[in-house]
Every structure is written in C-alpha cells, then in structure tokens.
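K.L.:
Handing you this structure, nothing more for now.
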Amino acid sequence: MRLILNVIWLVLCGLWMALGYVVAGVICCILIVTIPFGLASFRIAAYALWPFGRTVVDRRDAGAASVIGNVIWFIFAGLWLAIGHVLTGVALCITIIGIPLGVANFKMIPVSLMPLGKEIVELP
C-alpha cells in the first residue's frame, strides 16, 4: 500500500513540492551563511518525494540555535512552502482518492515551517 500511495503522491504533488524545497535549498546554499538551511531543505525534499513509510521526529540534541534558525527559516522560506502544502492538500482532498494524500500534505506543514531540529526516520 505504501508503494502505491508513494507513486500516486509522486505524480500528483510530490515532484512539485520537492522542486520547491530544492529551489529553496539551492538559494540557501548559494548564500554561504545559510548552508545549514539548504541542507535541511534538501533533506525535506527527499521526504517530500517519498513520504509514506517515513515520519518526522524531534532530535533530542537540538538546541537554541535550531530555534533561532527555525524563526529565520519561517520568515524566508517556511511560510511559502507551507502555503504550497495547504494549497495542494486542499486540491487533493476534493476527490475521495486524494484524501489520504491531502492529509499527508497537511502533516508535512509543521516540518516545512520548522525543519531544523527534526529528523526523518523510517517506520517499522
């Protein structure tokens, strides 16, 4: 079931959302100071391509720097990526088949708003 959902996800919205994260990551990596944001963006792009079977958990070793970084990320990229998740989630929820994909889009909003201090892990 995960494979089927991931393939449908990839075709309907995963590729476009991952492209948004890659663009944000490239911009962040061009500006040398924001390379950690770019790396987090690339990590989320991989998650946005193939989300079913994986989840996001908080890292225990994340400190105050990740909180400050998340505020900066929210202002410059997180809000726009979250809006993309909301729009695609609503569009997917219009059809009955797309409801699980829309819910998955809504579940990705917190990590798109605050990616630092998070880790993506495989589900058992």
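The values are calculated or read from the model by the stated rules, or taken from the named source; none is laboratory data. Keep in mind that this is a model prediction, so the values were computed, not measured. Cβ coordinates were reconstructed from backbone atoms using ideal geometry, including for glycine residues, and neighbour counts include every protein chain displayed.
K.L.:
Arg43: in contact with a Leu (Cβ under 7 Å, 6 or more places away or on another chain), within 30 Å of Ile8 (Cβ to Cβ) and not aliphatic (A, V, I, L, M), yes or no?
P.N.:
no
K.L.:
With the checklist (1) of a type outside the set (A, V, I, L, M); (2) part of a helix (DSSP H, G or I); (3) over 13 Å from the mean Cα position of the chain (by Cα); (4) within 14 Å of Lys118 (Cβ to Cβ) in hand, flag the one item Phe76 doesn't pass.
P.N.:
Single failed check for Phe76: (4).
K.L.:
Let me ask another. Checking Phe37 against (1) within 25 Å of Leu123 (Cβ to Cβ); (2) in contact with a Leu (Cβ under 8 Å, 6 or more places away or on another chain); (3) in contact (Cβ under 8 Å) with a residue 12 or more places away in the chain, which test does it fail?
P.N.:
With (1) within 25 Å of Leu123 (Cβ to Cβ); (2) in contact with a Leu (Cβ under 8 Å, 6 or more places away or on another chain); (3) in contact (Cβ under 8 Å) with a residue 12 or more places away in the chain applied to Phe37, the lone miss is (1).
One line per residue, one yes/no per condition, for (1) of a type in the set (Lys, Arg); (2) within 10 Å of the chain's Cα centre (by Cα); (3) assigned to a loop (DSSP other than H, G, I, E, B):
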| position | (1), (2), (3) |
| --- | --- |
| Met17 | no, yes, no |
| Gly38 | no, no, no |
| Arg43 | yes, yes, no |
| Tyr47 | no, yes, no |
| Gly89 | no, no, no |
| Ile97 | no, no, yes |
| Ala104 | no, no, no |
| Glu119 | no, no, no |
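K.L.:
If Cys13 passes every condition in (1) within 14 Å of the chain's Cα centre (by Cα); (2) crowded, with 16+ Cβ neighbours inside 10 Å; (3) modelled with pLDDT of 90 or more but one, which one does it miss?
P.N.:
Only one criterion is unmet by Cys13, namely (3).
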